[in-house]
Amino acid sequence: MARYAEQVELESKPLRVGIAGLGTVGAALIRIIASDANAISRKLGRDIVISAVSARSRSRDRGVDISGINWIDDPVALARSPEVDLFVELMGGEDGPALASVTAALERGCPVVTANKALLARHGVALARLAEENDTQLGFEAAVAGGIPVIKTLREGLGSATVTRVYGIMNGTCNYILTRMGAEGIGFEECLRDAQALGYAETDPTFDVEGYDTAHKLAILASLCFGTEIAADQVFVEGISRITQADIRVAADLGYKIKLLGMARKSDQGIEQRVHPTLVRKTTAIAGVDGVLNAVALETNHVQELLLAGPGAGGDATAASVLSDILDVARDTWVPPLGVPAAELKPCERAPMRVHEGGYYIRLNARDVPGALAAIATRMGESNISLESVIQRPDLRAVEPGVDAESTRTVVLITHETIESAVREALTRVAGDGFIVGQPQLIRIEEF
């Protein structure tokens, strides 16, 4: 009865929210809370009000009215303010004001909602422990895959099911670029420029196109899936900047699309976490996720595969996920931030990437001399690699910068299932023979 009385009293009071960071997501959150105020109140039986905000500039036009909201310059002071019942961190960054303000809020027992995957990838375990020690909530639905409710699914929606593998498309910038390369026959650099012009890619796109953004998100998902500590530094990462039209065309001719996937699974050797371009069959569900959309697939012992797809970024989609966490706090919904108590998280033992098994796409610029192809095939055989096909076409020549088209031939090898260490060993021997020019392109093939 006491708990019920406390809940009734709680629900009679508005939830006062403080927001640090008024960029695209912060402005969208204010707009949605204002426009949906009646619907939110009906659902919760209490109001949600923005009581205070903090950002770098007071004068910037954000497209929302904040004139009646208390402005606090220092986000840490906002996190400590007694007029804030819930602190929302939307500033970004793995350290600095983001870490300081989130820590300050949790230390005083104030619930926190954040969309900051970099912060969680680096400090998530410590912040989860701090939230539990102070008997408060830490929500981060918006940190992974934008508007897709994958965090809530993993923390609350799977019952007793055990996740055996998680994989997906977790970066809209890369998915947009690869989709356009496949649909329009244009190169990586042109697609990247268009993505930047449309606001899908940053001025410095390295974090996105080289796979680091996906790696941060994957590390968070792996922790929730396998009950281990977040280990972003143990993710094998390759980006998409070396993908060419030659790769796109050959993949399409063989019935595949190229996607940047993040994948994690648990094995006897530890947790394997990897981000890299991947050939996936056009007939699979993940291959149909195009443009700026994201998708996360969960394989469990009870459900063979659950695919969650939707917008992975954007102000409204991300703000909707932030609001979902706010509503959970307003309802007094309590779950451990990382699915299990932080004290029960196990160290993440890294499985060696080189034991990965599957087929491989290998593109080589071979010298146009007698015996080159025979020598390459011999080296593959010495490493017990069986070749499914060897492809040479005039339209695949000289796809690497600085490679002379007149003295080389571009060769694509498709292998049967093998292990990565064997492929690496064979390519090292081929390079040592002097029959190839430039760096080989290696893309893994996944059969889902």
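The values are calculated or read from the model by the stated rules, or taken from the named source; none is laboratory data. Being a predicted model, the structure only gives us computed values, none of them experimental. Here Cβ is always computed from backbone atoms with ideal geometry, including for glycine, and neighbour counts include all displayed protein chains.
Descriptive notes on the structure:
- Residue-level check: of (1) polar (S, T, N, Q); (2) outside the structural domain of residue 279 (by TED's automatic domain parsing); (3) not in a helix (DSSP H, G or I), residue 101 misses just (3).
- Filtered residues of the range 421-439 (kept if buried (at least 19 other Cβ atoms within 10 Å of the Cβ) and within 26 Å of residue 261 (Cβ to Cβ)): 423, 426, 427
- Residue in the range 314-328 that is nearest to residue 44 (Cα to Cα), counting only those that are buried (at least 21 other Cβ atoms within 10 Å of the Cβ) and in contact with a Ser or Thr (Cβ under 9 Å, 6 or more places away or on another chain): 325
- Failed item in (1) at pLDDT 95 or above; (2) over 17 Å from residue 238 (Cβ atoms), with residue 443 passing the rest: (2)
- Counted residues, the range 52-88 - those being small (Gly, Ala, Ser) and within 28 Å of the chain's Cα centre (by Cα): 3
- Any hit, the range 20-30, residues being in contact with a Ser or Thr (Cβ under 7 Å, 6 or more places away or on another chain), more than 15 Å from residue 330 (Cα to Cα), buried (at least 18 other Cβ atoms within 10 Å of the Cβ) and in contact (Cβ under 8 Å) with a residue 60 or more places away in the chain: yes
- The helices (runs of 4 or more DSSP H) found wholly in the range 171-279 and carrying at least 1 residues that are within 19 Å of the chain's Cα centre (by Cα) and either modelled with pLDDT of 95 or more or surrounded by 22 or more Cβ atoms within 10 Å (Cβ to Cβ) (or both) occupy 172-184, 188-197, 206-209, 212-226.
- Residue match in the range 125-134 (condition: within 27 Å of residue 448 (Cα to Cα) and not in a loop (DSSP other than H, G, I, E, B)): no
- Checklist (1) of a type in the set (Gly, Ala, Ser); (2) touching a strand residue (DSSP E or B) at 6+ places or on another chain (Cβ under 8 Å); (3) in contact (Cβ under 8 Å) with a residue 40 or more places away in the chain applied to residue 287, failing item: (3)
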